[in-house]
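J.: Quick one: the structure is below, and I'll ask about it shortly.
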Amino acid sequence: MAEQQQQLTSEDIIQEENLVFDRTQLLTDNVFHYCPGCGHGVAHRLIMEVVEELEVQDKAIGIAPVGCSVLAYNYMDIDMQEAAHGRAPALATGIKRTMPDKYVFTYQGDGDLAAIGTAETIHACNRGENVAIFFINNGIYGMTGGQMAPTTLEKMKSSTTPYGRNIKQMGNPLKITELVAELPGTYYVTRQAVHKPGAVRKAKKAIKKAFEYQKLEKGLSFVEIVINCNSGWKMEPVDANKWMDENFLPYYPLGDIKVPEKK
Amino acid sequence: MSEEIIIAGFGGQGVLSMGKILCYAGIVQGKEVTWMPSYGPEMRGGTANVSVIISDERISSPIISEFDTAIILNQQSMDKFENSVKPGGYLIYDGNGITRHPERTDINVYRVDAAAEAAQMETTKTFNMIVLGGLLQVKPIVEMDKAIEGLKKSLPERYHHLIPVNEKAIHRGTQIIQEVRKAKVEA
Amino acid sequence: MGELKLMKGNEAIAEAAIRDGADGYFGYPITPQSEVIEYLAAQQPEERTGMVLLQAESELASINMIYGAAGSGKKVMTSSSSPGVSLKQEGISYIAGAELPCLVLNVVRGGPGLGTIQPSQSDYFQSTKGGGHGDYHLIVLAPASVQEMYDFVELGFDLAFKYRNPAMILSDGAIGQMMEKVEIGEQKPRMTEQQIKEKYPWATTGKTPDRERNIITSLELDSAKMEKFNEKLVEKYRTIKENEVRYEEIQCEDADYLLVAYGTSSRICEKTVEMARQEGIKLGLLRPITLFPFPSQRLAEYAQKVKGIMSVEMSSGQMVEDVKLAVESRVQVEHYGRMGGIVPSAEEVLQALKQKFL
């Protein structure tokens, strides 16, 4: 065995049958501006992998929010629109209603979707707009420097809650995903994460379902993806993932919240 | 020719639709028309009025404060618009519920008791058409057949079966309108 | 000649949108313009032409639905009245920043705040000077009749697409609510996706292998690039000013005095001109049809000829500032206005003219 291994060259290894992972074709060559350890990059990749696998690049239209992923259109190689803060579901409605054969999705953070854009989120969900909403929840405003988000946990520190979120003063962390699951217009509602290989695989399945249900005109699919914000949380990436497991996910448990009824 | 009319009464009397029929008749006759519903707090008191202009030429202001003809269908409107009739103009009113009859002598005053007539005909909803008939008898602003055509155009098709009864009401109006007094023209 | 109908201004707008082949209307009810969405709902435009109609949850949402659809090259419009148009300003600024075509109708009511539901012209500044944040302009059309309400839908859309810029029809409660004779045009077909792809290659219709991806955005983090973009906008507005000024002149040739008025006020002033002429006063009326671009040059020419100019507006005096800028102090400029939903009478305008100039 040892002798054989020594004889292998890189040319021997780089063979089609040995391929386990390839660069996602529908991500551009632009280098992500996201912090090392941030989940945005993985979430971007998963969505683009699904678009690639379903061969719908020519029918996909994405909507970027205001927040860390404001420049998502620099990375996703599809037609995209950049919305005002919180308004992505309204844009998605305008696009999808006038072009029902397209695959339309929004990509929104917690401040965008669950604070300033709450009305647009709830009403797009309630109307059952036939689009997908990908909701990235990291419990903080990353882009503007770590302020409190609607999903910030009790006692969690942020630059606007430096002594921890005081529920009496700032209200409760908002479980908007559970909330939209109550609306008749949502078809599929789930909460996923991308901090472990198993979680990534599950998240991709969820994203794929969201696109497939759109094709079947089932109504709105809402996929929350919980990620860390190690910069905003002021932690090392590995610690941030650990903290997420121990503190964030107990409050925001992973798994499907609303699944299509089986006939 | 330009005729400036105010039609004023209670909401529900068909004031606005009577104005609409006049306008449609004017259009059929190739005239310019404007229809301007009342703006102002008086709308909240349950009164409704509309000013209608029918003209051979381009109409400048649709918002006017003096009228060639006032059609007055309740006391509040009498109090408000009697003095808005131009000297030598026409005031046509329904006596029903009127406690103070028109007093001006420099205008032509006519009375058409349409409410009573409509009740007698057992078609209270044609009240406004009786008034319209009265108006056209006194002032043939539009031709009678054009008025009927205007009626057809302004009614949605599902109500077209009501045209004969409305037509009858218009003709009845031409018969029952009475002159109260002619304008005294000062020398 | 097309079919003649008796219509309210608000209804004429709605019918024109369907006939012009619009792809969608997204709105939120507010007095005095709810007839626009009500008329559309009754007409079932999805059945007639496939035009989308949606009552949104707010003005914010409706203008952003417009943004999304316009970004995909669709011909879409919204309508509201003053307080609602204030809410739409965020979206309008983004639409201007992303250089998207769309049509916004403002049936103005008196303000500030909730104000009154009666007609007013107090949103002139908001409409012509930008309205939302940032350096931008709308193309602003001011109809003075129900026919123009109808006609300006097509004109507004044409200009919006020609310049990739939002256009606004600035009306008021009087023109929205009154009925006049309208000549209805032929039904135009809606554009197919193929036509949109060919005509508007910038639209997000889905990336195909023959082109780069399309991005609709108003974001530019590099100041140098942002300034270049601002300069491009300035150049666009300059072109619009050069090519798209529209106005009407009534008895202006021999006028000693000039009224300047738009929309409902211009109709009143037309009557004032008739009355003044009967009294032997040589009065004319210049009616701006486009408020942006404003007929500044034409007014500057009149500044050499007339003895005085009076701007008549249902506001405390907004357009009068543009009149003054245009004539550069070469002639006396006065303002006469009523506010709070009061429409001035032709008589009081004449009285004001006499007081100020004679």
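Bear in mind that the values in this text are calculations on the coordinates, not laboratory data. It should be emphasised that the depicted structure is a prediction, and the values quoted were computed from it without experimental measurement. Ideal geometry is used to build each Cβ from the backbone, glycine not excepted, and the neighbour counts take in all protein chains shown.
J.: Could you count how many residues in the stretch C:309-358 are polar (S, T, N, Q) and either assigned to a strand (DSSP E or B) or under 19 Å from the mean Cα position of the chain (by Cα) (or both)?
T.: Here the count works out to 4.
J.: Can you tell me which residues in the stretch A:126-160 are in a strand (DSSP E or B) and surrounded by fewer than 19 Cβ atoms within 10 Å (Cβ to Cβ)?
T.: Answer for the stretch A:126-160, where residues must be in a strand (DSSP E or B) and surrounded by fewer than 19 Cβ atoms within 10 Å (Cβ to Cβ): just A:Q147.
J.: Could you check how many residues of the stretch C:206-222 are β-branched (V, I, T) and either exposed (fewer than 14 other Cβ atoms within 10 Å of the Cβ) or more than 7 Å from chain A (Cβ to nearest Cβ) (or both)?
T.: Residues in the stretch C:206-222 being β-branched (V, I, T) and either exposed (fewer than 14 other Cβ atoms within 10 Å of the Cβ) or more than 7 Å from chain A (Cβ to nearest Cβ) (or both): 1 in total.
J.: Which of the residues that make up the stretch A:86-116 are more than 9 Å from every other protein chain (Cβ to nearest Cβ), farther than 26 Å from A:L54 by Cβ and over 16 Å from the mean Cα position of the chain (by Cα)?
T.: Those that are more than 9 Å from every other protein chain (Cβ to nearest Cβ), farther than 26 Å from A:L54 by Cβ and over 16 Å from the mean Cα position of the chain (by Cα): A:A115, A:I116.
J.: Taking only the stretch C:274-284 into account, find how many residues are touching a helix residue (DSSP H, G or I) at 6+ places or on another chain (Cβ under 9 Å) and under 14 Å from C:D256 (Cβ atoms).
T.: Total meeting the criteria: 6.
J.: Still on this structure, please answer the following. Do the conditions hold for A:G62, that is, is it in contact (Cβ under 8 Å) with a residue 12 or more places away in the chain and more than 13 Å from chain C (Cβ to nearest Cβ)?
T.: no
J.: Something else: Please go through the stretch C:58-83 and give me each residue that is more than 18 Å from A:T106 (Cα to Cα) and either at the interface with chain A (Cβ under 10 Å from one of its Cβ atoms) or touching a Phe, Trp or Tyr at 6+ places or on another chain (Cβ under 6 Å) (or both), ordered by number.
T.: Listed by number, the residues that qualify are C:S58, C:E59, C:G73, C:K74, C:K75, C:V76, C:M77, C:T78.
J.: Among the numbered conditions (1) over 23 Å from A:H123 (Cβ atoms); (2) more than 9 Å from every other protein chain (Cβ to nearest Cβ), tell me where C:I95 comes up short.
T.: Status for C:I95: all satisfied but (1).
J.: Could you please give the count of residues in the stretch A:53-76 that are surrounded by fewer than 22 Cβ atoms within 10 Å (Cβ to Cβ) and outside any helix (DSSP H, G or I)?
T.: Total meeting the criteria: 3.
J.: Before we move on, is C:K207 free of Cβ contacts under 8 Å to residues at least 24 places away in the same chain and over 25 Å from C:R238 (Cβ atoms)?
T.: Judged against the criteria, C:K207 is a match.
J.: Just checking: which of the helices (runs of 4 or more DSSP H) contained wholly in the stretch A:164-263 hold 2 or more residues that are over 26 Å from A:E120 (Cβ atoms)?
T.: Ranges flagged: A:167-170, A:197-215, A:230-233, A:237-243.
J.: Residues in the stretch B:51-69 that are surrounded by fewer than 23 Cβ atoms within 10 Å (Cβ to Cβ), over 12 Å from C:E180 (Cβ atoms), of a type outside the set (A, V, I, L, M, F, W, C) and within 18 Å of the chain's Cα centre (by Cα): how many?
T.: Going through the stretch B:51-69 one residue at a time, the tally reaches 3.
J.: Shifting gears a bit: Of the residues B:A8, B:A48, which single one is buried (at least 20 other Cβ atoms within 10 Å of the Cβ) and touching a Phe, Trp or Tyr at 6+ places or on another chain (Cβ under 6 Å)?
T.: Within the list B:A8, B:A48, the selection yields B:A8.
J.: Out of the stretch A:14-52, which residues are among the β-branched types (V, I, T) and either part of a loop (DSSP other than H, G, I, E, B) or over 14 Å from the mean Cα position of the chain (by Cα) (or both)?
T.: Passing the criteria: A:I14, A:V20, A:T24, A:T28, A:V31, A:V51.
J.: Out of the residues in the stretch B:11-28 that are within 11 Å of chain C (Cβ to nearest Cβ) and either out of contact with any helix residue (DSSP H, G or I) (no Cβ under 9 Å at 6 or more places or on another chain) or assigned to a loop (DSSP other than H, G, I, E, B) (or both), state the one that is surrounded by the fewest Cβ atoms within 10 Å (Cβ to Cβ).
T.: B:L16
J.: For the stretch A:110-155, enumerate the residues that are polar (S, T, N, Q) and touching a Phe, Trp or Tyr at 6+ places or on another chain (Cβ under 6 Å).
T.: Result: A:Q147, single match.
J.: Okay, next question. State all residues of the stretch A:1-27 that are of a type outside the set (K, R), closer than 28 Å to C:R213 by Cβ and surrounded by fewer than 15 Cβ atoms within 10 Å (Cβ to Cβ); if no residue qualifies, say none.
T.: A:L19, A:F21, A:D22, A:Q25
J.: Follow-up. Out of the stretch B:95-126, which residues are within 20 Å of B:V180 (Cα to Cα) and in a helix (DSSP H, G or I)?
T.: B:A114, B:A115, B:A116, B:E117
J.: Among the residues of the stretch A:24-41, are any without any contact (Cβ under 8 Å) to a residue 40 or more places away in the chain, polar (S, T, N, Q) and either touching a Cys at 6+ places or on another chain (Cβ under 6 Å) or over 30 Å from A:A240 (Cα atoms) (or both)?
T.: no
J.: Sticking with this one: Do we have A:Q81 as facing chain C (nearest Cβ under 8 Å), assigned to a strand (DSSP E or B) and in contact with a helix residue (DSSP H, G or I) (Cβ under 7 Å, 6 or more places away or on another chain) here?
T.: yes
J.: Determine which member of the set B:K146, B:K152 is among the charged types (D, E, K, R) and within 30 Å of B:S65 (Cβ to Cβ).
T.: Result of the check over B:K146, B:K152: B:K146.
J.: When you scan the stretch B:152-161, do you find a residue that is buried (at least 21 other Cβ atoms within 10 Å of the Cβ) and aliphatic (A, V, I, L, M), even just one?
T.: no
J.: For the stretch B:58-70, does any single residue satisfy the condition of being closer than 21 Å to B:E149 by Cβ and without any contact (Cβ under 8 Å) to a residue 40 or more places away in the chain?
T.: no
J.: If you don't mind, another one. Within the stretch C:334-347, how many residues are facing chain B (nearest Cβ under 10 Å) and surrounded by 16 or more Cβ atoms within 10 Å (Cβ to Cβ)?
T.: Selection size over the stretch C:334-347: 6.
J.: On the given criteria, is A:G198 surrounded by fewer than 22 Cβ atoms within 10 Å (Cβ to Cβ) and touching a helix residue (DSSP H, G or I) at 6+ places or on another chain (Cβ under 6 Å)?
T.: Here the answer is no, as A:G198 does not meet what is asked.
J.: For residues that are under 19 Å from C:G21 (Cβ atoms) and part of a helix (DSSP H, G or I), scanning just the stretch C:164-203, find the one that is nearest to the other protein chains (Cβ to nearest Cβ).
T.: C:E193
J.: Just to confirm my filter: which helices (runs of 4 or more DSSP H) fall fully inside the stretch C:7-108 and include at least 1 residues that are more than 28 Å from B:L155 (Cβ to Cβ), touching a residue at least 40 places away in the same chain (Cβ under 8 Å) and touching a Gly at 6+ places or on another chain (Cβ under 7 Å)?
T.: C:59-71, C:82-97
J.: Does the stretch B:46-58 contain any residue that is more than 30 Å from B:K184 (Cβ to Cβ) and within 12 Å of chain C (Cβ to nearest Cβ)?
T.: Yes, the stretch B:46-58 contains a residue that is more than 30 Å from B:K184 (Cβ to Cβ) and within 12 Å of chain C (Cβ to nearest Cβ).
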